[in-house]
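Report on the structure given below.
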Amino acid sequence: MAEILKGKPVADAISAEVKSEAEALRSQGIVPGLMIVRVGERADDLAYENAALKRMRACAIDCTVTTLPEAISQEQLIEKLSAINADVQVHGILLFRPLPAQIDEKAIQHGISPEKDIDCFNPVNLAKIVADDASGFPPCTPAAAIEILKHYRIPLKGKRAVVIGRSLVVGKPLAMLLLKENATVTICHSRTEDLPRVTVEADVLIAAIGRARMITDGYIKEGATVIDVGINLDDTGNLCGDVDTEKGKEKAAFITPVPGGVGSVTTAVLARHVLKACKIAVQRN
Ligand code: NDP
């Protein structure tokens, strides 16, 4: 029976470290600051915003929210982002996505300057992950998955890691981060033939699919570590992951829960990224 790898102890450890550094900066008159930019009133965004505000408070980081109307034009949004970029009190900018249909994400993705882009919206930060450039910011979710693996000392070096999902937000950057930890990485997707044959080879299996409880015991190697990134609602409206945790527990040695797993670590990573952006800004000036 698998051990459950809870996110809370990981998030608490990161928060404690960030808080102590943020307080040290504050004692020198430097206040790390995050600006959340929300377009419209999507329930998902509001829920994450509340969690982020709470986490930033706990980490001694200032956090402000800019709310913009759902009908905002692309030009107006670019103008707004440009003004926030220029604000020296703001060290990190988090822009919620998806954006309304009238906004072309590709056309605005350079609108957040790379050094304030703490959730990897700008392709410059994506390139930095591929180039192993430590000055960049990986997206918070894949970084949270790595934090869990490191916190619980799950070996990665030389191990076979399989990531299911190839989005720019989760799957691809996560594969790069695992490679950096010297895992041997395979990326699967919706066109992968005979998926279970590939996934049962994994010492570390990561599901970032968006399909409720799709990964059952038949996909998991005996003794594997399973990280469930998925956030879905099942047929009865309950929150669940991409992994069928009950069945997965029979095969895996370690497994993350949903809720209470990867999702609970992302705001702590966000706080760490704001602190890092602040320290880089201080060094530059
Ligand atoms: P996307 O929809 O962008 O990507 C899903 C990926 O899964 C795609 O690469 C897709 O393949 C692949 N896929 C879909 N169906 C199958 C299948 N049957 N077999 C194999 N692969 C499949 O989702 P995201 O990457 O944005 O998110 C993934 C999950 O993570 C979602 O549940 C999301 O809610 C969750 N999430 C959780 C966060 C957290 O904080 N914990 C934050 C962000 C996301 P293809 O490319 O071929 O279409």
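The values are calculated or read from the model by the stated rules, or taken from the named source; none is laboratory data. Model, not experiment: these values are computed from the prediction. Methodologically, a virtual Cβ is constructed for each residue, glycine included, from the backbone with ideal geometry; neighbour enumeration extends over all protein chains shown. Accessible surface is based on the protein model in full, side chains and every heavy atom, while ligands, DNA and RNA are left aside. Shrake-Rupley method; radii C 1.70, N 1.55, O 1.52, S 1.80 Å.
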(request) Report the relative contact order of the chain, percent, no decimals, based on alpha-carbon pairs under 8 angstrom and at least 6 residues apart. (result) 23 percent
(request) Of the options ASN122, ALA83, ILE148, report the single residue whose Cα projects farthest towards the positive end of the charge dipole of segment 54-163 (beta-carbon charges: Lys, Arg +1; Asp, Glu -1). (result) ILE148
(message) Give the lysines reachable from LYS150 as a straight Cα distance under 22 Å; neighbours fewer than 8 places away on the same chain don't count.
(response) LYS6, LYS8, LYS19, LYS128, LYS159, LYS172, LYS180, LYS221, LYS249, LYS251, LYS276
(message) Per residue of segment 46-57, what does 6.51 cos²θ - 1.76 cosθ + 1.60 with θ = phi - 60° give for ³J(HN,Hα)? Whole Hz please, x for Gly and Pro, Karplus curve as stated.
(response) 5, 5, 5, 4, 4, 5, 5, 4, 5, 5, 4, 4
(request) Please work out the ratio of the alpha-carbon Rg of the chain to 2.2 N^0.38 Å and round it to two decimals. (result) 1.01
(request) Could you do me a favour and compute the accessible area per residue for the chain, 1.4 Å probe, result in Å²? (result) 47 Å²
(message) Around ALA52, under 11 Å between beta carbons, what's the net of Lys plus Arg minus Asp minus Glu among the other residues?
(response) +1
(message) Less than 15 Å Cβ to Cβ from ILE72, Lys/Arg counted +1 and Asp/Glu -1: what total charge do the surrounding residues give?
(response) -3
(request) Give the long-range amide H neighbours of VAL37: residues separated by 5 or more places, or on another chain, with amide H under 5 Å away, using H modelled in the peptide plane at 1.01 Å from N. (result) THR66, LEU94, LEU95, PHE96
(message) Using 0.36 nm times the number of residues separating GLU201 and ALA101, minus their current alpha carbon distance, what extension gain do you get?
(response) 32.0 nm
(message) Using each residue's phi in segment 157-164, evaluate 6.51 cos²θ - 1.76 cosθ + 1.60 at θ = phi - 60° and report the 3J(HN,Hα) Karplus result to the nearest Hz, with x for Gly and Pro.
(response) 4, x, 8, 8, 10, 10, 9, 9
(request) Rank these by accessible area, largest first, 1.4 Å probe: VAL169, VAL65, VAL265. (result) VAL169, VAL65, VAL265
(message) What does the charge count around GLY165 come to, taking other residues whose C-beta lies under 12 Å from its C-beta (Lys +1, Arg +1, Asp -1, Glu -1)?
(response) +1
(message) Given N residues in segment 106-228, what is its alpha carbon radius of gyration divided by 2.2 N^0.38 Å?
(response) 1.09
(request) Pop out the carbon and sulfur fraction of the accessible area of the chain as a percent, whole number, probe 1.4 Å. (result) 51 percent
(request) Give the long-range amide H neighbours of ALA202: residues separated by 5 or more places, or on another chain, with amide H under 5 Å away, using H modelled in the peptide plane at 1.01 Å from N. (result) LYS221
(request) Report the percentage of all Cα-Cα pairs in segment 80-163 whose separation exceeds 21 Å, rounded to a whole percent. (result) 41 percent
(request) Step through the residues of segment 214-220 one at a time and calculate ³J(HN,Hα) from phi using the Karplus curve (6.51 cos²θ - 1.76 cosθ + 1.60, θ = phi - 60°), rounding each to whole Hz and writing x for Gly and Pro. (result) 5, 8, 10, 4, x, 9, 10
(message) From the alpha carbon gyration tensor of segment 171-274, can you work out the equivalent ellipsoid semi-axes (sqrt of 5 times each eigenvalue) and give them in Å, largest to smallest?
(response) 20, 19, 13
(message) Under 37 °C and 0.692 mPa s, how fast does segment 1-145 diffuse according to Stokes-Einstein, given a Kirkwood radius computed over C-alpha pairs? Answer in µm²/s, whole number.
(response) 199 µm²/s
